[in-house]
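Asker: I'd like to ask some things about the structure below.
The values are calculated or read from the model by the stated rules, or taken from the named source; none is laboratory data. Bear in mind that the values here come from a model prediction, so they are computed numbers and not experimental data. Glycine gets a Cβ as well: all are built from the backbone with ideal geometry, and neighbour counts include every protein chain shown. Ligands, DNA and RNA are stripped out before the accessible areas are found, and what is left, the full protein with its side chains, is counted by its heavy atoms. Shrake-Rupley method; radii C 1.70, N 1.55, O 1.52, S 1.80 Å.
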Amino acid sequence: MNDLYVGTAIFLISYAVIVTEKVHKTVVALVGASLMLLLKILTQDEAFHSETYGIDYNVIFLLIGMMIIINVMKETGIFQWMAIKSAKVARGEPFRLMIILSVVTAVTSAFLDNVTTVLLVAPVTLLICEALEVDVIPFLITEAIASNIGGTATLIGDPPNIMIASKADLTFMDFIYHLTPVVIVILIAYLVTLKFIFGRSLRVSDSHKERVMAMDESTAITDRPLMVKSLCVMGFVVLGFVFHHQLHFQPATIALAGAALLLLLSRAEPHKILEAVEWPTLFFFIGLFIIIGGVVKVGLIKIMAEWVLSVTQGNLFATSMIILWFSAFASAIVDNIPYVATMNPLVIEMAKGIWPNLSGTALLHNPDLMPVWWSLALGACLGGNGSLIGASANVVVAGIAEKGGRKITFMRFTKYGMPLMIESVLISTVYIWLRYYAF
């Protein structure tokens, strides 16, 4: 019980200090992680090697691999080309550009993953906004939110979906059939809401528009042979992500292999490429994983989740609704990966209690249980939009912004993210009721 109080205190204090932004979030995460280890809430072996409580190295090395690939690609001028092309398609109109980038981010996130997508799109955004001389922060925040919305649509778009698919034995097409329709509705509502939030505030002078339209994107490419090599490697990496389940490789393995191949083909100086990796972001994740692992180990998340399931007393509609909303707000506070890792076995245990005569696929794919799985997926993935640390993509975008000389504060992200998260979960509530319970 003492460990429960101590672990919870470390988590709450760390979170509070991150919100105040008096100390850099990476420092806070590493101090919190150190306290979890020094006070023996987690052992070093658990923190560094346990799949249940420790650092998620698949996330860490996926990020490292993709950051290396993007740092090599950056040398070719491909991002400048994409920036100029996007700005010209939008005819220099900032809000139109925001919509284009949000749609591209959401669609790409469904077929890659949301972290990889923002690593590709954010550098382009920085360059466009610099040319138009508009505030880049709203663009980056809207892209992070769009990436989480788009990533919800497929099995590979967001890590919680991969974890749910593994536990519930669900296929890629199951996610397309059950989640993609509501994600399309949520994305449309999101774009309409952006019109009300930013439609009037994003304005640039005609001279800035003319300057952008006069740019020649073809001159941005500085190393065409390296660009071709980079695009080929990126293409193979994307295919690897799409078919990673059939290939029996984790996304991190595919990303690292792609990074190694591109370093070999480019003959780039490793010191220069590795120096540009977002190390503060990576160490923030490392610290955060250990803090959350400590909270999971002491049982705080399990206590909360069991309470949620006990309240419904076997009513599956009530269970779906509570899991949807509880997951959304929980995922805005804690990382949704350990949260889903905790909820998966609890959902299965609940199902065993309701249908004691069923087992295996008959239990997991019981038609009455399926809405509960989709509620968990929607809540966990969309809930990440509620705060800056709610989803990996948000943290990565904040790191890129900081490196570019702009800071996304916790409160500014939450100001936009929380209302938009609530909007998306409300739509999900109506969808689950109409599709699974109303008729």
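Asker: What is the one condition in (1) assigned to a helix (DSSP H, G or I); (2) at pLDDT 80 or above; (3) over 30 Å from Thr8 (Cβ atoms) that Leu30 does not satisfy?
Answerer: Failed condition: (3).
Asker: Here's a follow-up. Assuming Glu275 fulfils every condition listed in (1) surrounded by 11 or more Cβ atoms within 10 Å (Cβ to Cβ); (2) within 20 Å of Ile64 (Cβ to Cβ) apart from one, which condition is it?
Answerer: The single condition Glu275 does not satisfy is (1).
Asker: Right, another one. Suppose we keep only residues that are over 14 Å from Asn161 (Cα atoms) and under 18 Å from the mean Cα position of the chain (by Cα) within the stretch 329-346. Which one would you say is modelled with the highest pLDDT?
Answerer: Among those that are over 14 Å from Asn161 (Cα atoms) and under 18 Å from the mean Cα position of the chain (by Cα), it is Phe329.
Asker: From the set of residues in the stretch 112-152 that are of a type in the set (D, E, K, R) and open to solvent by 10 Å² or more (accessible area, probe 1.4 Å), which is modelled with the highest pLDDT? Even if it seems obvious, please write down each step before you answer.
Answerer: Filtering the stretch 112-152 down to residues of a type in the set (D, E, K, R) leaves 113, 130, 133, 135, 143.
Still in the list and also open to solvent by 10 Å² or more (accessible area, probe 1.4 Å): 113, 130, 133, 135.
On the way: Asp113: 73, Glu130: 82, Glu133: 82, Asp135: 86.
Going through the qualifying residues, I end up with Asp135.
Asker: I need the full set of residues from the stretch 412-439 which are closer than 18 Å to Ile389 by Cα and either of a type in the set (D, E, K, R) or outside any helix (DSSP H, G or I) (or both), in order please.
Answerer: Residues satisfying the conditions are Arg412, Lys415.
Asker: Going residue by residue through the stretch 60-80, is there one that turns out to be within 24 Å of Val298 (Cβ to Cβ) and open to solvent by less than 50 Å² (accessible area, probe 1.4 Å)?
Answerer: Within the stretch 60-80, the first condition is being within 24 Å of Val298 (Cβ to Cβ), and the residues that meet it are 60.
Checking which are open to solvent by less than 50 Å² (accessible area, probe 1.4 Å) leaves us with 60.
Checking the stretch 60-80: at least one residue is within 24 Å of Val298 (Cβ to Cβ) and open to solvent by less than 50 Å² (accessible area, probe 1.4 Å).
Asker: Has the stretch 185-197 got any residue that is in a loop (DSSP other than H, G, I, E, B), crowded, with 17+ Cβ neighbours inside 10 Å and under 27 Å from the mean Cα position of the chain (by Cα)?
Answerer: no
Asker: Looking at (1) open to solvent by less than 70 Å² (accessible area, probe 1.4 Å); (2) touching a residue at least 40 places away in the same chain (Cβ under 8 Å); (3) within 20 Å of the chain's Cα centre (by Cα), find the lone condition where Gln250 falls short.
Answerer: Every condition holds for Gln250 apart from (1).
Asker: Among the residues of the stretch 315-369, what is the count of those that are surrounded by 17 or more Cβ atoms within 10 Å (Cβ to Cβ) and of a type in the set (S, T, N, Q)?
Answerer: The total comes to 7.
Asker: Another question about this same structure. Determine whether Ala268 is among the aliphatic types (A, V, I, L, M) and open to solvent by less than 20 Å² (accessible area, probe 1.4 Å).
Answerer: no
Asker: For the stretch 395-411, give me each residue that is of a type in the set (Ser, Thr, Tyr) and in a helix (DSSP H, G or I).
Answerer: If the condition is that a residue be of a type in the set (Ser, Thr, Tyr) and in a helix (DSSP H, G or I), then no residue fits.
Asker: Output the residues belonging to the stretch 198-207 that are buried (at least 17 other Cβ atoms within 10 Å of the Cβ) and assigned to a helix (DSSP H, G or I).
Answerer: Selection gives Phe198 alone.
Asker: Additional query: Before we move on, is Gly54 among the small types (Gly, Ala, Ser), part of a loop (DSSP other than H, G, I, E, B) and either open to solvent by less than 70 Å² (accessible area, probe 1.4 Å) or on the phi > 0 side of the Ramachandran plot (or both)?
Answerer: Considered against the rule, which asks whether it is among the small types (Gly, Ala, Ser), part of a loop (DSSP other than H, G, I, E, B) and either open to solvent by less than 70 Å² (accessible area, probe 1.4 Å) or on the phi > 0 side of the Ramachandran plot (or both), Gly54 comes out as yes.
Asker: Every residue in the stretch 208-227 that is part of a loop (DSSP other than H, G, I, E, B) and in contact with a helix residue (DSSP H, G or I) (Cβ under 7 Å, 6 or more places away or on another chain), please.
Answerer: Met215, Ile221
Asker: Output yes when any residue across the stretch 38-51 is in a helix (DSSP H, G or I), at pLDDT 85 or above, within 15 Å of Ala341 (Cβ to Cβ) and open to solvent by 20 Å² or more (accessible area, probe 1.4 Å), and no when none is.
Answerer: Yes, that holds for at least one residue.
Asker: Can I ask one more? From (1) under 24 Å from the mean Cα position of the chain (by Cα); (2) at pLDDT 90 or above; (3) over 27 Å from Gly404 (Cα atoms); (4) not polar (S, T, N, Q), pick out the condition that doesn't hold for Met304.
Answerer: Condition not satisfied by Met304: (2).
Asker: Kindly indicate whether any position in the stretch 91-104 is within 18 Å of Val397 (Cα to Cα), touching a Gly at 6+ places or on another chain (Cβ under 8 Å) and at pLDDT 85 or above.
Answerer: The answer is no, given that none of the residues of the stretch 91-104 is within 18 Å of Val397 (Cα to Cα), touching a Gly at 6+ places or on another chain (Cβ under 8 Å) and at pLDDT 85 or above.
Asker: Given Tyr416, Tyr339, which one is among the hydroxyl-bearing types (Ser, Thr, Tyr) and more than 24 Å from Ile292 (Cα to Cα)? First the steps, then the outcome.
Answerer: Values: Tyr339 fails: more than 24 Å from Ile292 (Cα to Cα).
Criteria check complete, one pass: Tyr416.
Asker: With the structure loaded, tell me whether Ile13 is part of a helix (DSSP H, G or I), modelled with pLDDT under 90 and of a type in the set (Val, Ile, Thr) or whether it fails that test.
Answerer: no
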